[in-house]
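Just so it is clear, none of the values below were taken in a lab; they were calculated from the coordinates. Computed from a prediction, not measured in an experiment: that's the story for all the values here. All Cβ positions, even for glycine, are placed from backbone atoms using ideal geometry, and neighbour counts span all protein chains on display.
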Amino acid sequence: MRKWLLLMAAILLEVCATLALRAALDAPAWYVLVVTGYIGAFTALALLLRLGMGVGVAYGIWGASGVALTAVLATVLFGDPLTATTGLGIALVVGGVLCVELGSHGGVGREKTALAAGGGPDPS
């Protein structure tokens, strides 16, 4: 549970920092939130990796969620277009992350099965 809370914190901090970066074009005071948000996001990611979440899974979910949430919120806050093509891109990114997540569990299962059977990890 702690891993997922840290991942959510990293995502929200990164999205806030990215949206603040856009806002800082008009009001430079937003750069304080940009720096704070990115430092917080990377700190949360580092703590998450220390807790044992795989870097491919953590980064994939963080990146895809950040892209999707930023695109939607930029539409709401700044009037950026959210077209069908953008929606398709978001769906493809989310689908790719799901493949990485599901694939990471499949690899662990094969390795545990091999070790339980008395063999070593699959060299291929």
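Students often check this: by mean Cβ neighbours within 10 Å, which of 72-82, 47-57 ranks highest, and how do the rest follow?
On the way: 72-82: 12.8, 47-57: 14.4.
The packing order, highest mean first, is 47-57, 72-82.
Start at zero, step by 5 Å, and the Cα-Cα distances of the range 1-97 spread as 3, 14, 21, 21, 19, 14, 7, 2, 0 percent across the bins.
Other residues lying with their Cβ under 13 Å from the Cβ of residue 64 contribute a combined charge of -2, Lys and Arg counting +1, Asp and Glu -1.
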